[in-house]
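The values are calculated or read from the model by the stated rules, or taken from the named source; none is laboratory data. Everything quoted here is computed from the prediction, not taken from an experiment. Don't worry about glycine lacking a Cβ; one is built from the backbone with ideal geometry, like all the others, and counts go over all protein chains shown. All accessible areas refer to the heavy atoms of the entire protein, side chains included, with ligands and DNA or RNA removed. Shrake-Rupley method; radii C 1.70, N 1.55, O 1.52, S 1.80 Å.
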Amino acid sequence: MYENPEYNGQGEKILCQENGKNSHMMMDVRVQRLAAGQKLRLLEQEKETAVMLLSGKVLYAFEGKREIGERRSVFLDKPCCLHCCRRKEMIVTAQEDSRLLIQQTTNQNGFDTVFYTPQMCTLQEFGKEQWEGTAHRQVLTVFDYENAPWSNMVMGEVFHKPGCWSSYPPHHHPQPELYYYEFDKPQGFGVGFVGEQCFRVQDQGCLAVTPMQAHQQVAAPGYRMYYAWLIRHLEGDPWRKTRIVDPEHEWLDHSDYE
């Protein structure tokens, strides 16, 4: 299901809630706006928390440490992200008007807090030599099962060329996944597919991908598309880059049209 919720009076755009809307995502995800000078305190008793900077400049304070995060936009700079386990406090102070993507889920594991810098994020390129370049994109991973096996979450980003496809070939997996979109122009748009349904996706909207439903994306020509991809591991079945390609499209994995 796709939606583009409004910001509430606390500057929050609620995308999904573990015990509320889109509960099948099994996560709390929201975008938080902070005005310059505004502070956000986060302390969860039963949930791990990841706070990624979308734009602006913030000071992260945690466990007696301080780290600065700065990002002009999702299209110009790589992200930074603070990730902590339950019962650990973080305070984020906006040095200028800023926006944060906050991902949380229940997790009883204890682990050391990690501040992911842009240099720590993995950036990969896919599709350049396949399908006449029509699915050429960059995929960034902040953390997943490989570098954070103690987490119940995955956080990453896709940088999407105009008129191209991503999350391709059509595939599915048992774990729920949420996409949060931004475009380089506010009127930009694309299409997100979930099974047999397709949705017109726009700036700052989100798409909840039901487990085991095929999903893929396309951006309209002329508009650069970005989306954060957020996955919830299942107990005993973490996401390990598993992509089950729909049988009728399996041939695409072995073809470059040449």
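Among the residues of the stretch 111-120, are any out of contact with any His (no Cβ under 8 Å at 6 or more places or on another chain), under 20 Å from residue 180 (Cβ atoms), without any contact (Cβ under 8 Å) to a residue 24 or more places away in the chain and open to solvent by 10 Å² or more (accessible area, probe 1.4 Å)? No, because not a single residue in the stretch 111-120 is out of contact with any His (no Cβ under 8 Å at 6 or more places or on another chain), under 20 Å from residue 180 (Cβ atoms), without any contact (Cβ under 8 Å) to a residue 24 or more places away in the chain and open to solvent by 10 Å² or more (accessible area, probe 1.4 Å). Count of the stretch 1-53 residues, restricted to those that are in a strand (DSSP E or B) and under 23 Å from residue 154 (Cα atoms), is 23.
Of all the residues in the stretch 148-159, those that are closer than 19 Å to residue 53 by Cβ and not in a strand (DSSP E or B) number 2. Considering the stretch 129-162, and only residues there that are charged (D, E, K, R) and open to solvent by less than 40 Å² (accessible area, probe 1.4 Å), the residue that is modelled with the lowest pLDDT turns out to be 137. The condition of being surrounded by fewer than 17 Cβ atoms within 10 Å (Cβ to Cβ) and either on the phi < 0 side of the Ramachandran plot or free of Cβ contacts under 8 Å to residues at least 40 places away in the same chain (or both) does not hold for residue 102. Considering only residues in the stretch 121-137 that are part of a loop (DSSP other than H, G, I, E, B) and more than 18 Å from the chain's Cα centre (by Cα), the one that is nearest to residue 72 (Cα to Cα) turns out to be 136.
Of the numbered criteria (1) closer than 23 Å to residue 177 by Cβ; (2) at pLDDT 95 or above; (3) surrounded by fewer than 19 Cβ atoms within 10 Å (Cβ to Cβ), the one residue 39 fails is (1).
A quick yes/no check of all residues on (1) more than 16 Å from residue 61 (Cα to Cα); (2) modelled with pLDDT of 95 or more; (3) part of a strand (DSSP E or B):
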{"position": "77", "(1), (2), (3)": "yes, yes, no"}
{"position": "87", "(1), (2), (3)": "no, yes, no"}
{"position": "100", "(1), (2), (3)": "no, yes, yes"}
{"position": "103", "(1), (2), (3)": "yes, yes, yes"}
{"position": "111", "(1), (2), (3)": "yes, yes, no"}
{"position": "119", "(1), (2), (3)": "yes, yes, no"}
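A count restricted to the stretch 6-36 and to residues that are open to solvent by less than 60 Å² (accessible area, probe 1.4 Å) and in contact (Cβ under 8 Å) with a residue 12 or more places away in the chain stands at 18.
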